[in-house]
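Reading through the structure tokens given below for one structure.
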Amino acid sequence: MNDHELECFEAELRRLKPAEPPEEFMARLAAARPMDSAQADALSRPARTPEGWRVLLRWLAPATAVAVAAVLLARYSPGPENRSSSGPVIAAAAPALKADQVEIDRQLVGAFDTVAHLPGGEPVRLSCREWVDNMVLRDTKRGIEVEQRTPRLEVIPVGLATY
């Protein structure tokens, strides 16, 4: 359908009047879930706005949590009396990672074939494969593990056989 046909179709739908449901169906529907007057009143009333103290509570609760966290942080952080008097400690230059266990892995996630057209108009078949390369380096002496996962898409042009 083009845009003009779609607009005409929508205009025609707007002009139509829906049919009334059968009376037996409406009677069964009303009997299945009778609504008492309290429910009907609750549905017809607009939603109440929260009272003033609830609005205040919405702002006061997070502010109280922040204040408690600040007090606990100030109380349990090392103060000047707990620090060493020799001045700041400069960490020695750590040696580079010495990996004694290395794992290199690749996993095929998906594969599909597709056909594309070259600028000259001739078709070419492409075989595509989705891979995830995974490399894990471990330094067991220092207890360090470094993992790197890299997604990769491999596209291979394949000759398109025409008969």
Residue that is surrounded by the most Cβ atoms within 10 Å (Cβ to Cβ) [pool: residues in the stretch 111-163 that are under 30 Å from Lys98 (Cα atoms) and of a type in the set (S, T, N, Q)]
Asn134
Quick one: count up the residues across the stretch 74-113 that are at pLDDT 70 or above and either touching a His at 6+ places or on another chain (Cβ under 7 Å) or of a type in the set (A, V, I, L, M) (or both).
9
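The values are calculated or read from the model by the stated rules, or taken from the named source; none is laboratory data. Every value quoted in this text rests on a predicted model; they were computed, and no experiment measured them. In this analysis, Cβ positions are derived from the backbone assuming ideal geometry, glycine residues included, and neighbour counts consider all displayed protein chains.
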